[in-house]
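What follows is a single structure, written as structure tokens, with notes after it.
The values are calculated or read from the model by the stated rules, or taken from the named source; none is laboratory data. Quick caveat: nothing in here was measured; it's all calculated off a predicted structure. Quick reminder, even Gly has a Cβ in these numbers, built from the backbone with ideal geometry, and neighbours come from all protein chains shown. Ligands, DNA and RNA are stripped out before the accessible areas are found, and what is left, the full protein with its side chains, is counted by its heavy atoms. Shrake-Rupley method; radii C 1.70, N 1.55, O 1.52, S 1.80 Å.
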Amino acid sequence: LEKMKGEHDPLYGPEKDHCYVFLIDVAGSDEITQQSKKANGFSDRRDATVITICEVTLPEEKSYDPKNFIWKVMTRRLYRNLSADKLEEQVCKEIDRWKPNKIIIDHSGLGAMLSDMLLSKYKKKVLPVDITATNKTKMAWDFLAMVDTGRWIEHKGNDLTLLKSTFVPGRDHYEILK
């Protein structure tokens, strides 16, 4: 976690002439009852869609290769238990406000509907990613390489100790614990 700590302040709005990329992880509105959640050990946190807004830069001495990009997390947006229409509305507001150069979105499962809508509205900016067991492993290794080489940097004040791996029978996931 120490390797991810940055010295930049969080940013709550875009700055002119910066390259931003949205990373969108989609989860759906929970439709099971609170009682069922408690009985199964589920948490309200599992129904969160998160936009991680990154500024992407390329060090001057490096060649133009995505493996050389530096990803600075500027801020995150968290949406919990929203209907598909409300989620679409909120995500589009952020896209229209920040005007990211690229939108990388989970296109598997519940993410497919939002991903398809964004593709129709924002066309070439959207990169849908079908998440499978095979590419999830590759993505994890690629992310670890980014962290190891100092190319993934969180903003100041982001308490990374709150990120805790939790295991619920039948599911493996990460949650932000507050």
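Distance between the 7 Å Cα→Cβ label points at Ala84 and Asn158: 3.1 nm. The phi torsions of region 98-105, fed into the Karplus equation with coefficients 6.51, -1.76 and 1.60 and a -60° offset, translate into couplings of 8, 6, x, 6, 8, 10, 9, 9 Hz, rounded to whole numbers, with Gly and Pro shown as x.
Just to be sure I understand the curve: with the Debye formula and one point per C-alpha of region 52-138, what is log10 I(q)/I(0) at q = 0.18 Å⁻¹? Per q value, in the given order, log10 I(q)/I(0) is -0.95. Within region 54-130, report the GluC sites (Glu not before Pro) that DSSP leaves as loop and that have at most 16 other Cβ atoms within 10 Å. Passing both the DSSP loop test and the Cβ count: Glu60, Glu61. Just list whichever of Lys62/Lys156; Lys67/Lys156; Lys86/Lys125; Lys62/Lys93; Lys5/Lys125 have alpha carbons separated by over 30 Å in the model shown. In this structure, Lys62/Lys93 lie more than 30 Å apart at Cα. The accessible surface of region 47-110, taken with every protein chain in place and a 1.4 Å probe, is 51 percent carbon and sulfur.
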